[in-house]
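Participant: To start, I am sharing the structure in question, which I have written as C-alpha cells.
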Amino acid sequence: MATAHADYGKLSVEETLEALGTSRERGLPQEEIAARLKEYGPNEIPKKEESLFQRISRRFWGPIPWMIEAAALLSALLRKWDDFTIIAVLLLTNAALDFWQESKALNALKVLKNKLAKQALVLRDGKFTSLDARNLVPGDIIKVKIGDMIPADIKLIDGEFLQADQSALTGESLPVAKKAGDIAYSNSIVKQGEMIGVVTATALGTFFGRTVALVAKAQKEEKSHFQKAVVHIGNYLILITLFLAAIILITAMFRHENMLEILRFTLVLTVAAIPVALPAVLTVTMTVGAMNLARKQAIVSRLVAIEELAGVDVLCSDKTGTLTQNRMTVSEPKAFAGHTVEELMRAAAFASKEENSDPIEIPIFEYLRKTGGLDDMPAYRHLKFTPFDPVSKRTEATVQLADTTLLVTKGAPQVILELCGERVDRQAILDAVEELAEKGYRTLGVASKRPEDGMFDFLGLIPLFDPPREDSKSTIEEAVKLGLQVKMITGDNLAIAKQIAAVLGIGTTIFDARDLRGASTRELVQLGAIVARAVYLKMSDGITEEEAQHFARGVVKELEREFERIELPEGYVKRHESEIIGVIESASGFAQVFPEDKYLIVEKLQKSDHIVGMTGDGVNDAPALKKADAGIAVSGATDAARAAADLVLLAPGLSVIVDAVKGARVTFERMKGYSIFRVAETIRVILFMTASIVVFNFYPVTAIMIIILAFLNDIPILTIAYDNTKVDNRPVRWNMTEVLTLATVLGVSGVISSFGIFYLAEEYMHLSPAVVQSFIFLKLVVAGHSTIYVTRTEKHFWQKPFPSPLLFSATTLTEILGTLFAVYGVFLASIGWGNALLVWGYALAWFVLNDFIKVWTYRYLRRDANSV
C-alpha cells in the first residue's frame, strides 16, 4: 500500500516506486487499484454543495427577517391585507436579490473542478491505455507528452526531459524544465518533451487540489463588512423599536384602551420603524455603483465587494501577468571580445527556431524585428538543430550561410563558457552575469565557431526580463495617493522581484516567502541528517560518500519516526503569529510564494484589522482572491481566477483599479449617508410617538399618516444611489460608533423639534387634535426629507459636492406632495396654506440647526484624531 503523506520530491525514483508499491514495467495490480480507489476516492474535487432548500431558507432566518415575518403575520391576523402584501413583497425582494448574488459567486469551485484533466494514458496490465482521469490512484504509471494537461501530481521516472507550463499554478513566468526525479504538478501543461511518471497524489491531495481546498475555506469563512454593518444597524433599530413599542402597549393596557386598535397602531409603527428596506436600498446603491464600474471595464461579481473595495488599505498584487506583461523581453545585449550586438543577436537567432514559439526564443526575434535586424539577416538554413534540454542547458544549430557553415549555440552562460577557449575573459563575463542576476535578469550566453575550429568563440550575453505593464508604475503611484499600501506577491525568485519592485517604486523590502514559514519539521529532519552524515564521516575511517549517504537516510527515517511520537515546541515549527504579521506589514512584497503563502499573507493582514485587496490572474491566485476582502482578476485571467474574484477587469492594465476604488468610495459615502438617515428617522419618529403617547396621552399621527410617511420616504431614498458624493483620499470603512452616535443625536434633535411644533400648535395656536396631527405630519415630511441633505455629507449642506439633480427633484417632489396632502386635507385634516408655510419655515430653521449639530458632532467624535 502507498505510504501516506510521503514527501516524494525528496525520495529517489526507486524509493518512490517502492514506497508506492508499484512497478514501472506493469503498473499496479487490478486488486490494488480497486483498494486504492476506495481509500483515496476518485481523482476529482469532491462536490459539496448546499441544497437549494438550505440556500433559500437562510434568507428568512435572522433578526431582521424574524421581525419582518412577525409583522407580516400580525397583519394577516388583523386582516390588514394591504400591509401584509407590502411587507411580503419587500421580504421576498430582499431574499431574491441576496440569493441571486450568491448564485453568481458560487461558480468558483465549479470552474476549478472543470479544470481537471479528463483523460490519462495509464499503464495497466503491462500496456498503456487511455482512461478517465478520475480513476487514477497513487502508484499508477502514466505517460505525459506535449500538449497534455497533467492529470495528477506525478514523479517523473523515465524519459529525457519535458517542459511544463505551471505559471497558472505557481506564478513562474516561464515553462519549467523537468527531468527524471522531479515532481510535475497536476493541471500544468506539457509544452515540450514526453516522459513517464508515477502518480504520487490525486484530487485534493495534489498541489492543485490544495489550492481548491483553500478556495473552499475562503468561501466558507467569507463574511463582508457590509453584511456586518447591516446586521449591526438592523439590531440597533430593532431593539429601540421593540423597547418603545412595548412601552406603548403597556401604557395602553394600564389606560384600558382598545387593545385591538392599539395593537394595529403599534404594528404599523413597528413595520415603519424596522429597516425592512435597508438591505434592499443598500443593494440598489451598490448595484448602481457596479453599473458605473462596468462602463469602465470592471465587472463586479459580488456586490458587497464595492463596499469592501472602498475600505481596502493594503493591495496585494501578483507580479506575473498583473504588474508585468507575462512575456520575456530582451534588455540591453552585451557583446564581448570585439564582437557587435548585431553579430550577437544574429547568432542567437541562428540558434533558434521561431516556429517553435519557445518563450526564450520569441524575444530574440522580436528584438531583431524591432531594430530592423531581421530584415538584414542573411539567407540561411539549418542543417542540424538540437533544441534546449535541461541536461546540456543549451541549444545548438549547424547553419548554412551561402558558402559558409557555422555552428552556433546559446544557453546558460556558465555552460557556454565551458565550450570556449582561454582567449575569453571568463571573470569579466561571470561578473557581468552576476551583475545582471542581481538586477533580476535571466541571461543567455551565445557563442559560435566554424566546423573546423576547436573551441567556440564567446559572442556575448542577452539579458531577458518580463517587463512591467506600461501603466503599472503610474497606477501604483495613484494607489498610494489614495492611501493604499501596495505589496507585490510573486512566485518568481527574489532578485527578479526586487528588480521589478524597484522599477515600479513599490519598495525594496522584499522577502522570501520562506521567511513566513519558519523551520518545518521536514527541515529539522534534513538538518539532523546532514549533521549525522558529517559526524559519521568524521568518526569513521575508510567510509565512502555512498555509505555515509546510506547512513544519513537511516537517520532520516529514525528522526521521522521520532517526530511522529513527540510534539515539537511551537517556536521550533513556526514563527509566532505576531512576528509573522509584523514581517508582512513591513514588507514591500514577497518572492517564491506558493498558493498557501498568498492565502496566509491575506489571512494574517485581515487578522491585523486590514481590509485587503488582492489582484491575480492564475489558478494559483484563486484562494487568495477568494479570501481577500476584494479579489481582483486582471484582464486575461484564467476562468478559475475570474470565478473566485469579486471584481474582474476586462481592459488590460491596472489603471481601472484606481477608478474602481474611487467609485467604491463614492458608493460607500452614499450607503453611509443613507444608513445615518434611516437610523435618525426611526429614532425621530418612534421616540417622539412613544413619548407623546406615554407623557401626553396623545397620538401625534394616525396609522394612515405613518403609511403615507413611509411611502413618501421611499421615493427619495431610492435616488440616494445616484447622489453626488466626495472621494476620500484615505480608505473608508464602517465606524458603527460614529454612525449610530450621529444618527442618535440627529434623531433626538428631531424629537425635540417635533415637540416644539406640537407645543406651538396645541398650546399656543389652540388647534384641534386632528389639525395638530396634520401639523406634525407635515413637519415630519419636510424635516425628514431635509435630513437627507444633512446626512449625505460630513460638511455643511451648502458646500460641495452638491446634491444630484435626481435626488433634489425627488425630495422636492415628495415634500410638495406631503404639503398638498396637509393643505387640502387628503387622508387627514386640512391646515391651509398659511399654516403650511409656518411649518415649512419652522422645519427649515431646524434643518440649518441640525446641519451645525452634525458638523459639531463629527468634530467631537474625531477630536483625538484631529489633535494628532
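The values are calculated or read from the model by the stated rules, or taken from the named source; none is laboratory data. This structure is a prediction, so every number in the text was calculated from the model and none was measured. Here the Cβ is made from the backbone with ideal geometry for all residues, glycine too, and neighbour counts use every protein chain on show.
Participant: Report yes if T129 is out of contact with any helix residue (DSSP H, G or I) (no Cβ under 7 Å at 6 or more places or on another chain), within 27 Å of L242 (Cα to Cα) and at pLDDT 65 or above, otherwise no.
Facilitator: Against the criterion (out of contact with any helix residue (DSSP H, G or I) (no Cβ under 7 Å at 6 or more places or on another chain), within 27 Å of L242 (Cα to Cα) and at pLDDT 65 or above), T129 does not qualify.
Participant: To continue, here is another question. Within 47 Å of the chain's Cα centre (by Cα), part of a strand (DSSP E or B) and not charged (D, E, K, R), is that true of T398?
Facilitator: Criteria not met by T398.
Participant: May I ask you to verify whether K353 is modelled with pLDDT of 80 or more, closer than 29 Å to D492 by Cα and outside the structural domain of D646 (by TED's automatic domain parsing)?
Facilitator: The answer is yes for K353.
Participant: Count, please, the residues in segment 472-493 that happen to be surrounded by fewer than 17 Cβ atoms within 10 Å (Cβ to Cβ) and not small (G, A, S).
Facilitator: Number satisfying all stated conditions: 5.
Participant: Evaluate the following for A644: is it in contact (Cβ under 8 Å) with a residue 40 or more places away in the chain, in contact with a strand residue (DSSP E or B) (Cβ under 9 Å, 6 or more places away or on another chain), in the same structural domain as G234 (by TED's automatic domain parsing) and buried (at least 24 other Cβ atoms within 10 Å of the Cβ)?
Facilitator: Answer is no for this residue.
Participant: Just wondering, is there one or more residues in segment 718-728 that are assigned to a helix (DSSP H, G or I) and of a type in the set (S, T, N, Q)?
Facilitator: Yes: one or more hits.
Participant: Please work out if R369 is assigned to a helix (DSSP H, G or I), basic (K, R) and exposed (fewer than 13 other Cβ atoms within 10 Å of the Cβ).
Facilitator: yes
Participant: Hey, among A347, A379, which residue is within 14 Å of L401 (Cβ to Cβ) and surrounded by 19 or more Cβ atoms within 10 Å (Cβ to Cβ)?
Facilitator: A347
Participant: Turning to a different aspect of this structure: If L309 meets every condition in (1) in a loop (DSSP other than H, G, I, E, B); (2) buried (at least 21 other Cβ atoms within 10 Å of the Cβ) apart from one, which number is that one?
Facilitator: Only one criterion is unmet by L309, namely (1).
Participant: Within segment 669-702, track down each residue that is surrounded by fewer than 18 Cβ atoms within 10 Å (Cβ to Cβ) and assigned to a helix (DSSP H, G or I).
Facilitator: A691, V694, V695, F696
Participant: Filter segment 444-456 down to residues that are modelled with pLDDT of 85 or more and surrounded by fewer than 20 Cβ atoms within 10 Å (Cβ to Cβ), then give me how many there are.
Facilitator: 3
Participant: I'd like to know if segment 769-786 contains one or more residues that are over 20 Å from N850 (Cβ atoms), buried (at least 18 other Cβ atoms within 10 Å of the Cβ) and not polar (S, T, N, Q).
Facilitator: So far as segment 769-786 goes, yes, one or more of its residues are over 20 Å from N850 (Cβ atoms), buried (at least 18 other Cβ atoms within 10 Å of the Cβ) and not polar (S, T, N, Q).
Participant: Inspect all residues belonging to segment 417-437 and state whether any of them is acidic (D, E) and within 18 Å of H339 (Cα to Cα).
Facilitator: There is at least one residue in segment 417-437 that is acidic (D, E) and within 18 Å of H339 (Cα to Cα).
Residue by residue, here is whether (1) at pLDDT 85 or above; (2) aliphatic (A, V, I, L, M) holds:
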| position | (1), (2) |
| --- | --- |
| T682 | no, no |
| Y722 | no, no |
| M736 | no, yes |
| L746 | yes, yes |
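Participant: Does V525 fit the bill of being of a type outside the set (D, E) and at pLDDT 75 or above?
Facilitator: In short, no.
Participant: Further question: Would you mention how many residues in segment 425-448 are in contact (Cβ under 8 Å) with a residue 24 or more places away in the chain and part of a helix (DSSP H, G or I)?
Facilitator: 7
Participant: If the requirement is being basic (K, R), in contact with a Lys or Arg (Cβ under 9 Å, 6 or more places away or on another chain) and at pLDDT 80 or above, which of these qualifies: R665, R678?
Facilitator: R665
Participant: Go through T819, T793 for me and flag whichever is modelled with pLDDT of 90 or more and polar (S, T, N, Q).
Facilitator: Residue meeting the stated conditions: T819.
Participant: Hey, does segment 398-413 have a residue that's touching a Leu at 6+ places or on another chain (Cβ under 6 Å), assigned by TED's automatic domain parsing to the domain that holds L459, modelled with pLDDT under 85 and not basic (K, R)?
Facilitator: no
Participant: I'm trying to understand the selection: among the residues of segment 179-212, which are closer than 25 Å to R327 by Cβ and modelled with pLDDT under 85?
Facilitator: N187, S188, I189, V190, K191, Q192, G193, F207, F208, T211 - these are the residues of segment 179-212 that are closer than 25 Å to R327 by Cβ and modelled with pLDDT under 85.
Participant: Here is a follow-up. Taking the options L849, L838, L806, L817, name whichever one is of a type in the set (A, V, I, L, M, F, W, C), under 25 Å from T741 (Cβ atoms), in the same structural domain as Y789 (by TED's automatic domain parsing) and assigned to a helix (DSSP H, G or I).
Facilitator: Going through L849, L838, L806, L817 in turn, the sole match is L849.
Participant: Here's a follow-up. Those residues that are assigned to a helix (DSSP H, G or I), under 23 Å from P175 (Cβ atoms), touching a residue at least 40 places away in the same chain (Cβ under 8 Å) and small (G, A, S), I need them from segment 342-366; list them, please.
Facilitator: The answer is A348, and nothing else.
Participant: Quick one: which of L52, L91 is in contact with a helix residue (DSSP H, G or I) (Cβ under 7 Å, 6 or more places away or on another chain) and modelled with pLDDT under 75?
Facilitator: Answer to the selection: L91.
Participant: Which residues, taken from segment 603-632, are outside any helix (DSSP H, G or I), of a type in the set (G, A, S) and over 21 Å from R665 (Cβ atoms)?
Facilitator: S608, G616, G618
Participant: Which of the numbered conditions does M286 fail, given that it passes all the others? Conditions: (1) surrounded by 21 or more Cβ atoms within 10 Å (Cβ to Cβ); (2) at pLDDT 80 or above.
Facilitator: Exception for M286: condition (2).
Participant: Please determine whether any residue of segment 683-706 is in contact (Cβ under 8 Å) with a residue 24 or more places away in the chain, under 30 Å from Q297 (Cα atoms), over 31 Å from the mean Cα position of the chain (by Cα) and not assigned by TED's automatic domain parsing to the domain that holds T475.
Facilitator: No, that holds for no residue.
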